[in-house]
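Notes follow once the structure below has been shown.
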Amino acid sequence: MSEKIAFQKIYTRLTKITKATCSVKASGIGYDELAIVHGRLAQVVKIMGDEVILQVFSGTEGLPNNAELVFLGKAPSLRVDDDLAGRFLNAYGEPIDDGPALRGKEIEIGGPSVNPVRRKQPSHLIATGIAGIDLNNTLVTGQKIPFFADPDQPYNQVMATVALRAKADKIILGGMGLSNDDYLYYRNVFENAGALEKIIAFINTTEDPPVERLLVPDMALTAAEYFAVEKKQTVLVLLTDMTLFADALSIVSNRMDQIPSKDNMPGSLYSDLAKIYEKAVQFPEGGSITIIAVTTLSGGDITHAIPDNTGYITEGQLFLRRDAEIGKVIVDPFRSLSRLKQLVIGKQTREDHHQVMNSSIRLYADAANAKTKHENGFDLSDYDKRALSFAKDYSEKLLAIDINIDITTMLDTGWDLFANYFSPAEIGIKEEFVNKYWPGRKEN
Amino acid sequence: MPTTGIVKGIISNLVIVEADGPVAQNEICMIDLSGTELMAEVIKVQNNQAFAQVFESTRGLKVGTGVHFTGNMLEATLGPGILSRNYDGLQNDLDRLDGVFLRKGDRNFPLDEKAEWSFKPLAGNGDEVVAGSWLGEVTENWIPHKVMVPFKLSGNYTVKWIAPSGDYTIREVIAVLTDTNGNETEVTMYQKWPVKLPVRAYKNKTRPFRIMETGIRVIDTLNPMAEGGTGFIPGPFGCGKTVLQHALSRQAEADMVIVAACGERANEVVEIFTEFPELIDARTGRKLIERTTIIANTSNMPVAAREASVYTAMTIAEYYRSMGLKILLLADSTSRWAQALREMSNRMEELPGPDAFPMDLPAIISNYYSRAGFVELSNGKTGSITFIGTVSPAGGNLKEPVTESTKKTARCFYALSQQRSDSKRYPAIDPIDSYSKYLEYEEVQNYISENISNDWVDKVVKVRDVLIKGREAQEQINILGDDGVPVEYHVRFWKSEVIDFIILQQDAFDPVDRLTPLKRQEYMINKLLEVIDSDMHFDSFEDVSSWFKKLINLFKQMNYSDFKSKEFSSYENEVDEMLIEIVKT
């Protein structure tokens, strides 16, 4: 390694410096290659003739135009082996936990995609105990799903809970612009749960330069692929916060004079995000990568380019909302969706799952209409009143994020609520199921 | 001598090549990345510089790398063995690529070169033929696959020799043709065609006249798709675009279904890979996979190949249409293709149009849609391509360039509504905003009169009016309150709810409800019109909703039961009793 560096040419004349990039005249340089400029890591983003443009991850503040620049002859990479487990690393894959340097095999990050015909259809349910997820938006291994949440919502807490209950072999945390407090929160939660040995974290906090964040998802997913492919493990990847990742993308594209598209995001935002999320996969040999991400919203606006593009890529989204009626945070049943739930509900769960889920959400919607009616000063019908009482109970017993019960109990709870407030005709479920599960009519 | 060149610039997947000879727009060139050949397509030529979009990752590529130009545009390879295959956007057979991951530069020949096909001649010596004429036939899965005069041949030819019945591979010569000057051309069972050019080997394109059944009530009854027609499905994410497309691919009445998964989720393609070999086509009793070809260029696969994928899919559709078959082509999603165009346009620093999309986007989209259609072939037989694309409008806003450009060209509009989706009313096709222009076609109306009933179109219009009146009544109720409007308003609203729950809503996951044949749709519409036409009397608005909820529940049970089965009839009797009761009082 040192021998190789000895032969490397040192450039000392930068031809252009912007806030995120610098240029140098050089030849024989590969696209995507890494370089060290003035002690900072940089990557080739454009080559025109002999002009090479590099994005400097930690920013170009104080960078002189006579800075030393050395090309490393390789794309960003991570050293992987079993010792990666339990480590806390920075965006470059360097330890930040006072542990030894990584020694594993060096793998380029952002590697190739899985051949779609080699994928297996995701089919293992991930039970979280949270009914707002398990009952209404069931998660499956190999799925990719974000929380869409306003910054004040407890998404990091819910995500940590889900991660610990998910029974994954490895939990890989990719923190982008994570506040130091949240970083310490994750560390404590994992430590208290005695789960540190299955955690690997790549952390870029708010104190670190924003452009460094661009490396975090690929680092986390390269580690994930190692454990899922080579070790056939069930890997859960947590990415928080993808909005800050996208913001970093827009900084770089802006500095490169690209024409912005909607909301000042680069035109390639969809592809950039898809490349990350599509790493979620169920491998035929048993390993899997599941991605749970956070996309923070601004004022709940999901039409902004970041949540919008994300929604088209991911297999659903989970919304958190504070329900003032019960004073708790719930998983919003209207706007949340898990696209893969069909693969497991009624198959790995009880046959009535689909219908119980749909009917209760429809009744909850009736309650929302009744509420609007009431707010507009109209009298409520008997049905409206029953729907409202149902909604409160439903919110409290099933939607709240502090629930921890198994799915059969969730379904039974659903039937109990139906029976408490409605007649079988009002819930519109197949008669076969009503006869079997309606409280008091149960065959067994 | 073929043109060669060297790489001068690299911006992501756009490569600028200095060429030493002639270069054509859309010509394919190969970039030699230390032994691995990267395929690229020329998308702009400026002096001796060719701007090429690379179909793979350019990581590690250096300025000064050698390039050779192939002299061909991107071509699809057409011959027996395309059915049931899973291709990528460049028509590589994904099942025959090694390894779990897609490796840079991996390519293969799309057809099986060793397989022998049992050939039966259809033409005889001395026959006059033109491009697209049927020379012979092999059986592919169950489709009589025609071996045709290559589309690239222009002018008139005479069959000099045709192979006798027997087993041949696709590379063996099965016919020799002579042109008017006496020059001979050998024909094999496969041919190549540049994907960006439409195949015009047909006599003429006629207006669609037949309805293509999909088994989806809100489409067949209210907004029918015509065989050889075009349509599009825009909708925000989570509104069920993909579920709807999958339902179409499973149920539509077509000889062959081509699914172009363009820049969408890989797991959705996996669903087709996994389920279609198991699912049975209700009409033919065969496995669905036997009639399906998938072109998968998922969102994480190279962006440039996304554009290629929709063209490859269309070219394969045109090839099979020339055999006199009914093809359904589905593309999910055309917005991703438009975004791929935008990315390249941006890298080439072209002046942007609205939302940074290229200025010629509307023209590109309408050219593409115009390749669908119902055609009469030179031998008098007919074939069709029905095309349905999905559009993923940014922010769910239909006033964005891709939706607007598509709306100008597609004849059916299936608007997915966020509101319907939020209240789980699936499929979330808005019955009032959506339209099918084909319902206005005289040809289609005649077909309907002959094949369904004389007054069908009137009934459909009536159903639509009930929905509009119901929506108006609902608005009044919301403004004035339940008891602020006459009971009659509630009846009007609930009549429209019956249509909504029983016709519009359909359970795509229920084995019976998911597919409703047109005959059954007609039966149910007639039944519902009895409800609509009944003069009902209620004492209070609360009685209205509880009576109708009970009615809807019975109708729903009918939808879940096999048509005219014992259960079906018993629920129907209950409905009839309810009706008699309410009209009497």
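Taken together, the values in this text are just the output of simple stated rules run on the coordinates, not laboratory data. Remember, predicted model here, so these are calculated numbers, not experimental data. All Cβ positions, glycine included, derive from the backbone under ideal geometry; neighbour counts span all protein chains shown.
Things worth noting here:
- Neighbour-count order for B:Ser299, B:Ser333, fewest beta carbons within 10 angstrom listed first: B:Ser299, B:Ser333
- Treating r as the C-beta distance of B:Glu349 and A:Asn420 and R0 as 60 Å, the FRET efficiency rounds to 0.40.
- Test item: A:332-339 mean partner chain Cβ contacts at 10 Å: 3
- 22 Å Cα-Cα threshold exceeded, pairs from A:Lys430/B:Lys469; A:Lys105/A:Lys170; B:Lys44/B:Lys408; A:Lys275/B:Lys399: A:Lys430/B:Lys469; B:Lys44/B:Lys408; A:Lys275/B:Lys399
- C-alpha center-to-center spacing [region A:268-343, region B:454-530] in angstrom: 34 Å
- In the protein assembly as shown, helical runs assigned H by DSSP with n ≥ 4 each contribute -39500 (n - 2.57); averaged across all residues and rounded to the nearest 500, the mean residue ellipticity at 222 nm is -9500 deg cm²/dmol.
- Taking the number of Cβ atoms within 10 Å of each Cβ as an exposure proxy, the fewest-first ranking of A:Arg213, A:Arg103 is A:Arg103, A:Arg213.
- Take the Kirkwood radius over Cα pairs of region A:2-71, plug it into Stokes-Einstein at 20 °C and 1.002 mPa s, and you get 181 µm²/s for translational diffusion.
- At R0 = 60 Å, FRET efficiency that the Cβ-Cβ distance of A:Lys9 and B:Thr180 yields, to 0.05: 0.35
- Distance distribution note for region B:313-451: the fraction of Cα pairs above 24 angstrom is 44%.
- Using a cutoff of 8 angstrom between alpha carbon atoms and counting only pairs six or more residues apart, the relative contact order for chain B works out to 12 percent.
- Considering only beta bridges that DSSP places wholly inside the protein assembly as shown, some 65 percent are antiparallel.
- Base-10 log of normalised Debye intensity for region B:117-190 (one unit scatterer per alpha-carbon) at q = 0.19 Å⁻¹: -0.68
- Alpha-carbon Debye profile of region A:353-437, log10 I(q)/I(0) at 0.14, 0.22, 0.24 Å⁻¹: -0.48, -1.05, -1.19
- Descending Cα extents along the principal axes, region A:71-212, whole Å: 52, 42, 29
- Peptide ranges B:75-88, A:71-84 listed from the most packed, as the mean C-beta count within 10 angstrom indicates: B:75-88, A:71-84
- Long-range amide H partners of A:Asn90 with built H, under 5 Å: A:Ile96, A:Ile203
- In plain terms, the chain from B:Phe563 to B:Phe509 could stretch by 17.7 nm, reckoned as 0.36 nm per residue minus the Cα-Cα distance.
- C-alpha center-to-center spacing [region B:99-168, region A:1-72] in angstrom: 55 Å
- Volume per residue of the convex hull around the Cα atoms, evaluated for the protein assembly as shown, comes out as 179 Å³.
- The distance from the alpha carbon centre of region A:206-266 to that of region B:345-391 is 34 Å, rounded to a whole number.
- Dipole magnitude of the protein assembly as shown about its Cα centre (Cβ charges: Lys, Arg +1; Asp, Glu -1), debye to nearest 20: 1640 debye
- For chain A, the longest principal axis of the Cα atoms and the long axis of helix A:382-394 meet at an angle of about 50 degrees.
- Hull shadow area, averaged, region A:112-172 [alpha-carbon convex hull, nm²]: 5.7 nm²
- For the segment A:307-320, counting C-beta atoms of other chains within 10 Å of every residue's C-beta and taking the mean gives 4.
- Spin-label pair A:Glu431/B:Val100, simplified geometry with 7 Å Cα→Cβ offset, distance in nm: 5.0 nm
- Extension gain for B:Trp161 to B:Ser534 (0.36 nm times residue separation, less C-alpha to C-alpha distance): 127.2 nm.
- Unsatisfied cross-links (Cα-Cα over 24 Å) in the set B:Lys424/B:Lys519; A:Lys167/A:Lys436; B:Lys495/B:Lys550: B:Lys424/B:Lys519; A:Lys167/A:Lys436
- Amide H partners (placed H, <5 Å) of B:Ile211, local residues excluded: B:Glu227
- Placing unit charges on each Cβ (+1 for Lys and Arg, -1 for Asp and Glu) gives chain B a dipole about its Cα centre, and among B:Ser392, B:Gly240, B:Ala473 the Cα reaching farthest toward its positive end belongs to B:Ser392.
- Here the spin labels are modelled as points 7 Å beyond Cα on the Cα-Cβ line, and at B:Ser154 and A:Asp98 they lie 7.9 nm apart.
- Taken over region B:5-142, the percentage of Cα pairs per 5 Å bin, counting from 0 up to the bin with the maximum distance, is 2, 9, 16, 16, 14, 12, 10, 9, 7, 5, 1, 0.
- Listed from fewest to most Cβ neighbours within 10 Å, the set A:Val329, B:Val195, A:Val52 follows the order A:Val329, B:Val195, A:Val52.
- Restricting region B:544-581 to trypsin sites (Lys or Arg not before Pro) that sit in a DSSP loop and have at most 16 other Cβ atoms within 10 Å of their own Cβ leaves B:Lys564.
- Peptide A:116-126 has a mean of 6 when you count, residue by residue, the C-beta atoms of other protein chains within 10 Å of its C-beta.
- Kirkwood radius for chain A, taken over all pairs of different Cα atoms as the inverse mean of 1/r, rounds to 23.9 Å.
- With the largest listed first and rounded to whole Å, the semi-axes of the equivalent ellipsoid of region A:78-342 from the Cα gyration tensor are 25, 23, 20.
- Region B:241-289: trypsin sites (Lys or Arg not before Pro) falling in loop per DSSP and having at most 15 other Cβ within 10 Å: B:Arg283, B:Arg286
- Pairwise Cα inverse-distance average, inverted: Kirkwood Rh of region B:24-70 (Å): 10.8 Å
- Here the Karplus curve 6.51 cos²θ - 1.76 cosθ + 1.60, taken at θ = phi - 60°, turns the phi angles of region B:79-96 into couplings of x, x, x, 7, 4, 6, 7, 10, 10, 8, x, 9, 6, 7, 6, 4, 5, 9 Hz, with x standing for Gly and Pro.
- Cβ charges +1 (Lys, Arg) and -1 (Asp, Glu), total dipole of region A:186-275, debye: 260 debye
- Placing unit charges on the Cβ atoms only, positive for Lys and Arg and negative for Asp and Glu, gives region B:427-512 a dipole magnitude near 100 debye about its Cα centre.
- FRET efficiency estimate (nearest 0.05) - Cβ-Cβ, A:Lys347 to B:Lys287, R0 22 angstrom: 0.55
- Restricting the chymotrypsin sites (Phe, Trp or Tyr not before Pro) of region A:265-348 to loop positions (DSSP other than H, G, I, E, B) with no more than 13 neighbouring Cβ atoms within 10 Å leaves nothing.
- Other residues with beta-carbon under 13 Å from the beta-carbon of A:Asp257 carry, at +1 per Lys or Arg and -1 per Asp or Glu, a net charge of +4.
- Projected onto planes of every orientation and averaged, the convex hull of the alpha-carbon atoms in chain B covers 30.1 nm².
- A:Lys19 paired with A:Thr206, simple spin-label distance in nm, labels 7 Å along Cα-to-beta-carbon: 1.9 nm
- Simple rule: put +1 on each Lys or Arg Cβ and -1 on each Asp or Glu Cβ in chain B, find the dipole, and look at B:Met323, B:Leu97, B:Leu38; the Cα lying farthest toward the positive end is B:Leu38.
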